[in-house]
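**Q** Sharing a structure with you now.
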Amino acid sequence: MLSAKEQSLLDALEPRATEHGLEIVTIEVTGASRSPVIRVYIDVEGGISFNELTDAQSWMGEMLDEIDPFPGAYVLEVSSPGIDRPLRTLDHFRAHVGEDVRLKMLTSIDGRKSFKGKLASVDGDDIVIETEAGSVTLPHHEISKANVIGKVEF
């Protein structure tokens, strides 16, 4: 689910995040190659605070300046995962069983690359979702992007 560059950034930042009691939910690198945006989504049990985001932005910025992952300029954004929380690890999927999810696959499964439905279970390394067309089992290693479909209730 992560590119090689994203994985290398995660590997560099994750030990320090753990020291701070933070979970790095995922990392995304987007935008132009001359000035990419590095988005780091972090969380803690009970939800992330503004102060924790600000603190993480500071130490992550210092670490990335030392690593210098991209020659020239880049933009660092540190954020909460939000209501459309990204799902990356099997543990992320297990924690959100019963919720509506949207998945994009690296390769076609039954002629489709996009799936939407209720996350039914995690079976070994497979993700099982209930779609309008029925149950679908998707290999975790073939998922390119996955998110909880957030709901706002009034």
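**Q** What does the accessible area of Thr107 come to, in Å² to the nearest 10, when a probe of 1.4 Å is used?
**A** 70
**Q** Straight-line reach from Lys151: which lysines have Cα under 19 Å away, leaving out those fewer than 8 places along the same chain?
**A** Counting by Cα, and skipping residues close in sequence, Lys151 has these lysines nearby: Lys116, Lys118.
**Q** For the chain, what is the convex hull (Cα atoms) projected area averaged across all directions, in square nanometres?
**A** Dividing the Cα hull surface by four gives the mean projection, 10.6 nm².
**Q** So how exposed is Phe115, as accessible area in Å² (1.4 Å probe, rounded to 10)?
**A** Rounded to the nearest 10, the figure is 10 Å².
**Q** Still on this structure: So what is the accessible area of the chain per residue, in Å², with the probe set to 1.4 Å?
**A** It amounts to 56 Å² per residue over the chain.
**Q** What are the lysines whose alpha-carbon lies under 19 Å from the alpha-carbon of Lys5, with same-chain residues fewer than 8 places away excluded?
**A** Lys145
**Q** A further question on this structure: Helix 50-67 versus the longest principal axis of the chain: what is the Cα-based angle in degrees, 0 to 90, to the nearest 10?
**A** 70
**Q** On to the next question. How far is helix 4-19 tilted off the main Cα axis of the chain, in degrees rounded to 10, range 0 to 90?
**A** 70
The values are calculated or read from the model by the stated rules, or taken from the named source; none is laboratory data. Note that the coordinates shown come from a computational prediction; the quantities given were computed from them, not determined experimentally. Only protein heavy atoms, including side chains, enter the accessible area calculation; ligands, DNA and RNA are left aside. Shrake-Rupley method; radii C 1.70, N 1.55, O 1.52, S 1.80 Å.
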